[in-house]
Amino acid sequence: MGIRPDPRHRAALELIRLSGVPCTNPAPVLARCHDRLSILAVMREAGLPAIPFDAALSDDMLRRLDRPVPFVVKVGNPHAGFGKALVRDAGAWTELSDLLFAADDHAAVGPFIDDERDVRCLAVASACGR
């Protein structure tokens, strides 16, 4: 099931935090996972490697990004494959960038990595949650 971060999710995590319910992963760390740009900023600050990307706050900025195809566009913060598109050629990019005008959200653009696996990590009891 796809997840679109919702203010109610953040509120639930803050209630868990306020109530003192013990969690393997602190509620603030889980809340941070709702925001793609925040996750990338924390990784950079911690000196962790991340896939190079560009970010845009408007469709005009997005159209000016110059990336070799193929590449991936991720709009906003949905997870599980939602809000993402693979751009295979320049023509598809023109069409997609026009459509992103309606999204009214930030977009991250990065290289397409053709691999059979997708590795994801979550730091347990990270200092990021303090």
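The criterion of being within 16 Å of the chain's Cα centre (by Cα) and in contact (Cβ under 8 Å) with a residue 60 or more places away in the chain does not hold for residue 73. Residues of segment 49-91 that are of a type in the set (Lys, Arg) and in contact with a Ser or Thr (Cβ under 7 Å, 6 or more places away or on another chain): 63 alone.
Checked against (1) touching a helix residue (DSSP H, G or I) at 6+ places or on another chain (Cβ under 9 Å); (2) in a loop (DSSP other than H, G, I, E, B); (3) open to solvent by 70 Å² or more (accessible area, probe 1.4 Å), residue 23 meets all criteria but (3).
In a residue-by-residue description of segment 87-98, the property of being modelled with pLDDT of 80 or more and in a loop (DSSP other than H, G, I, E, B) applies to at least one position.
Here's the yes/no breakdown for (1) among the acidic types (Asp, Glu); (2) modelled with pLDDT of 80 or more; (3) surrounded by 14 or more Cβ atoms within 10 Å (Cβ to Cβ):
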residue	(1), (2), (3)
6	yes, no, no
12	no, yes, yes
30	no, no, yes
33	no, no, yes
40	no, yes, yes
43	no, yes, yes
50	no, yes, no
72	no, yes, yes
79	no, no, yes
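To keep it simple, each residue is scored yes or no on (1) of a type in the set (Gly, Ala, Ser); (2) more than 18 Å from the chain's Cα centre (by Cα).
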| position | (1), (2) |
| --- | --- |
| 11 | yes, yes |
| 22 | no, yes |
| 30 | no, no |
| 41 | yes, no |
| 62 | no, no |
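The values are calculated or read from the model by the stated rules, or taken from the named source; none is laboratory data. Nothing here was measured: the structure is a model prediction, and the numbers come from that model. Counting neighbours? That spans all protein chains shown, and the Cβs are built from the backbone with ideal geometry, glycine included. The area values use the complete protein model at the heavy-atom level, side chains included, leaving out ligands, DNA and RNA. Shrake-Rupley method; radii C 1.70, N 1.55, O 1.52, S 1.80 Å.
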